[in-house]
Structures are given as C-alpha cells and as structure tokens.
1. Under 6 Å between Cβ atoms, which residue pairs at least 6 apart in sequence (or on different chains) link something in segment 137-153 that is within 24 Å of GLY117 (Cβ to Cβ) and in contact (Cβ under 8 Å) with a residue 60 or more places away in the chain with a partner that is surrounded by fewer than 22 Cβ atoms within 10 Å (Cβ to Cβ) and among the aromatic types (Phe, Trp, Tyr)?
2. I'd like to verify a number: residues in segment 154-186 that are within 21 Å of CYS59 (Cβ to Cβ) and without any contact (Cβ under 8 Å) to a residue 12 or more places away in the chain, how many?
3. Right, ALA208: over 25 Å from ARG139 (Cβ atoms), modelled with pLDDT of 95 or more and hydrophobic (A, V, I, L, M, F, W, C) or not?
4. Among the residues of segment 167-215, which ones are hydrophobic (A, V, I, L, M, F, W, C) and in contact with a Gly (Cβ under 7 Å, 6 or more places away or on another chain)?
5. Taking ARG161 and the conditions (1) in contact with a Lys or Arg (Cβ under 9 Å, 6 or more places away or on another chain); (2) farther than 20 Å from GLY86 by Cβ, which numbered condition does it fall short on, given that it satisfies the others?
6. GLN131 is checked against (1) over 27 Å from HIS87 (Cα atoms); (2) polar (S, T, N, Q); (3) without any contact (Cβ under 8 Å) to a residue 24 or more places away in the chain and fails just one. What number does that condition carry?
7. Test ARG167 against the stated conditions and say whether it is among the basic types (Lys, Arg), surrounded by fewer than 19 Cβ atoms within 10 Å (Cβ to Cβ) and out of contact with any helix residue (DSSP H, G or I) (no Cβ under 9 Å at 6 or more places or on another chain).
8. Please state which one of SER181, SER145 is over 30 Å from ASN76 (Cα atoms), surrounded by fewer than 17 Cβ atoms within 10 Å (Cβ to Cβ) and in contact with an Asp or Glu (Cβ under 6 Å, 6 or more places away or on another chain).
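The values are calculated or read from the model by the stated rules, or taken from the named source; none is laboratory data. All values derive from a computational prediction rather than experimental measurement. Heads up, the Cβs are rebuilt from the backbone with ideal geometry, glycines too, and the neighbour counts pull from every protein chain shown.
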Amino acid sequence: MKYVRVTPVFVDNRERPGFIRWRGVRRVTPRLGSLAVFSQGPAIRLKQDGSVVVENDSCPQLSKITSETCVAYQPNEIRISHTEPGHATPDVILVPAGLPGPNVKIICQYLIIRDFGVNWRHLKTATINEQFFKDMLARFEADKSLVFRIVGYTDCVGVERHNTFLRKGRARNVFNLMGTSARSRVISVGGAPPKTYLTDNSTIAARADNRSVVIEFSVNSSATL
C-alpha cells in the first residue's frame with residue numbers, strides 16, 4: 001500500500017494531517033479553495049560555488065468569480081458550441097504558463113480544458129486530440145510527485161440543479177482520460193460551488209471559457225519547469 005504525505009486533507013469531514021493511504025478519490029477531499037495548501041514556503045539551495053540561494057515556492061491561486069448576473073445565449077451559440085472548432089482556440093491551456101520571477105518555483109498549476117458543448121458532459125474529439133493535452137496527460141502519468149484535484153465548471157445559463165449535474169459529469173469524464181497512476185493520485189473529483197465561474201458570462205467567448213474542467217495540480221518544487 002502506498003503512503004503519501006499531504007497537508008492537510010479532510011477525510012469524512014475531519015481534518016487528518018500527515019500520511020494517508022490512497023484508495024481512490026471517493027473519500028478524500030481537500031480543503032476548499034485552491035492548491036495553496038501544498039505550498040511549503042522558501043527553500044534554501046546550496047550552489048556549486050558554495051553560495052546559498054533562497055528559492056520561494058509560488059502557488060498562485062486561479063482567478064474565479066461568484067456572480068448572479070447571467071446573459072442568455074446568442075443565436076447559433078449552442079449550435080456552434082457543438083462543433084469541433086467551437087468558440088475557443090486552443091481548447092486546453094495551462095495557467096500560469098511561465099515563471100513569475102528569479103529564484104521562484106511554481107509548485108501548483110492549473111490545466112484548463114474549456115469550450116465544452118452546451119449541455120454536454122463529454123469532451124470533443126478535437127479537444128482530446130490536441131497534442132498539448134496529450135503531452136500533459138503523459139506528464140501526469142509519468143511524474144509520480146504530482147497530486148491532482150479536478151473541478152468542473154459551467155456557464156450561468158440554465159437551472160442550478162442541471163448545471164451541478166454538468167459540472168460533476170465533466171470533471172468525471174476528464175478524470176477517466178487520465179492514466180492509472182495519475183488517477184491514483186487524484187484527491188477529489190467534483191463540481192465548482194454554485195454561481196462560481198472562471199470569468200463573467202457576458203460574452204460568447206466568456207461562456208465558452210466557463211464550460212470547462214480545471215485540473216489543479218501541485219508541482220514537485222525540485223523540478224525545473
């Protein structure tokens with residue numbers, strides 16, 4: 001049985017710091033919020049010339065909003081969302097994409113899979129076939145130091161009960177695309193809280209961004225990104 005240290009986690013709504021046994025994703029959920037709980041603070045590195053460098057671990061939070069404002073779909077918006085090109089290019093992006101400054105290591109990032117079809121839980125073939133997405137899934141499988149949280153999102157249109165169903169279904173379908181090893185390191189799979197979005201819902205492009213899944217993952221701070 002493999003043991004992994006995470007700080008902290010919640011098991012059956014009780015905080016359990018320290019080591020836990022991985023049995024899947026159903027009974028272990030992280031603290032609400034971002035993966036900032038994985039941040040370990042500054043690290044001291046000794047260079048070959050004997051000098052010391054203080055490296056600050058960075059875990060930037062993913063920007064989200066909570067809003068009651070909703071704009072209805074425009075003509076042809078639903079139809080185009082169901083096509084392979086959809087409304088966004090590319091479908092898969094990484095945030096943040098680069099280092100914020102010298103002597104800073106990013107230890108958590110967010111892979112955003114966006115532009116799901118309206119009322120669809122499944123991913124488009126074009127999305128699955130994006131080479132960047134394939135490369136990231138291969139990295140997730142190979143790098144045993146990574147830990148994941150998968151969160152589904154929707155736009156604002158429709159009743160909340162149905163949107164909750166879509167959020168959870170989208171997250172689950174992305175989870176199913178991950179390899180066996182990566183799936184064993186997923187802490188939770190679920191939907192974002194009600195009325196929580198990655199951006200506002202004022203435009204067609206913004207609603208396409210919100211119909212998404214985010215793979216939040218902690219990065220091995222000793223690796224070079």
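1. These pairs meet every condition: ILE150/PHE175.
2. Within segment 154-186, residues that are within 21 Å of CYS59 (Cβ to Cβ) and without any contact (Cβ under 8 Å) to a residue 12 or more places away in the chain number 0.
3. Numbers: over 25 Å from ARG139 (Cβ atoms): yes; modelled with pLDDT of 95 or more: yes; hydrophobic (A, V, I, L, M, F, W, C): yes.
In short, yes.
4. First, pick out the residues of segment 167-215 that are hydrophobic (A, V, I, L, M, F, W, C): 171, 174-175, 177-178, 182, 186-187, 189, 192, 198, 204-206, 208, 213-215.
Result: ALA171, ALA192, ALA208, VAL213.
5. Single failed check for ARG161: (1).
6. (1)
7. Taking the combined requirement at face value, the residue does not satisfy it.
8. Just a single option satisfies the conditions, and that option is SER181.
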